[in-house]
Amino acid sequence: MIPTTVAIEAGDNQEAEPGAAVALRPAVVVRGASGTPVPGVTVSFRVDSGGGSLSIASAVTGANGVAAAGEWSLGPAEGANVVVATAGTLTAVKFHAQGKFGLTRTLIASRSVDPAGATLRYLRQGDPLSGFQLVIPADAYHTASTWSVVADSSITVPLPADFSQVGPVLSIGNGQGYADSLMSVTVPMRVPSDFVVAPFFFDPASGTLEGIPLLARTDSSITFATRHFSGDKLAVPQAAFRAAVSAAAQSGFGTI
């Protein structure tokens, strides 16, 4: 039987994190003029855009006329990914997928740092936060500390008029109080040169914002300094309010 059409059977319009595999493998069905499935047809699959990969790029249709590519891993950056399937001279079909980071992702997970200090970095190709850096100087703390950094895009910080939030909220935790020396945090971001950048601590329980000193700014990052990431070190304007906030509520302090 002569194949006349090739159509998408499964695997179109999917979404996954950049670099991850989508749930369904791209699959097509080849049919003849009467609509009957045609077996034994070689189908080729290739990545058209997005920079991803396929574990198997060629397959032969079975008795049901269906052929499937291998696992489709998306490219490293957020955005559109496309795979094209061809069968001889038949009109090609395209599969679409979106690379999108989840609302919450961990940049640094439970990294132990001894009193000698350390520089913690997050590097992931395609992630706008790749290049995040946290510097803990020697003897900042006199005992070992355990660090975690989470980016959370689900949190919207209430800001005054003419201010805009840039990027996700970063929750940095180390289980410690004040350090004996300044720690620095570098966050990748691109902001027009005529805009002012101001880092803040944010208390989600009260909505309080507390400014953090800005050390440096380039066309692709900012660096700020602080001596703590502890909730109970955050300055709340009214002492009476601080006393009224429960320990459970204060556990949410310290996000940036």
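The values are calculated or read from the model by the stated rules, or taken from the named source; none is laboratory data. Model, not experiment: these values are computed from the prediction. Because the Cβ atoms are built from the backbone with ideal geometry, glycine has one as well, and the counts that use them run over all protein chains shown. Accessible surface is based on the protein model in full, side chains and every heavy atom, while ligands, DNA and RNA are left aside. Shrake-Rupley method; radii C 1.70, N 1.55, O 1.52, S 1.80 Å.
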Discussion item. Leaving out ligands and nucleic acids, and using a 1.4 Å probe, what accessible area per residue does the chain come to in Å²?
Written reply: 50
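Classify segment 20-106 as rounded, prolate or oblate from the Cα gyration tensor: take a ≥ b ≥ c as the square roots of its eigenvalues, call it rounded if a/c is under 1.5, otherwise prolate when a/b beats b/c and oblate if not.
Prolate, since a/c reaches 1.5 and a/b exceeds b/c.
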Worksheet item: Which length gain, in nm to one decimal place, applies between Thr146 and Arg121 when the Cα-Cα distance is subtracted from 0.36 nm times their residue separation?
Response: 7.6 nm
Practice prompt. Over the alpha-carbon set of segment 99-194, divide Rg by the Kirkwood Rh and report the Rg/Rh ratio to two decimals.
Written response: 1.01
Worksheet entry | Nearest-10 value in Å² for the accessible area of Glu17, using the 1.4 Å probe | 60
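If you take the square roots of the eigenvalues of the alpha-carbon gyration tensor of segment 29-175 and sort them as a ≥ b ≥ c, do you get rounded (a/c under 1.5), prolate (a/b over b/c) or oblate?
On the way: a/c = 4.26, a/b = 2.58, b/c = 1.65.
Prolate, since a/c reaches 1.5 and a/b exceeds b/c.
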Worksheet item: Using the beta-carbon distance between Ala109 and Ala138 and R0 = 35 Å, what value does 1/(1 + (r/R0)^6) give for FRET efficiency, to the nearest 0.05?
Response: 0.90
Fill in: Apportionment of accessible area to carbon and sulfur, segment 1-156, percent (1.4 Å)
52
Discussion item. Using only the Cα atoms of the chain, what semi-axes does the equivalent ellipsoid have when each is the square root of 5 times a gyration tensor eigenvalue? Give whole Å, largest first.
Written reply: 52, 18, 17
Response to the item:
In terms of the charge dipole of the chain, which places +1 on Lys and Arg and -1 on Asp and Glu at the beta carbon, the residue among Ile172, Thr143, Thr89 farthest towards the positive end is Thr89
Worksheet item: Measuring from label point to label point, each 7 Å out along Cα→Cβ, what is the Ser164 to Gln98 span in nm?
Response: 2.0
Discussion item. With every protein chain left in place and a probe of 1.4 Å, what is the accessible surface of His142, to the nearest 10 Å²?
Written reply: 130
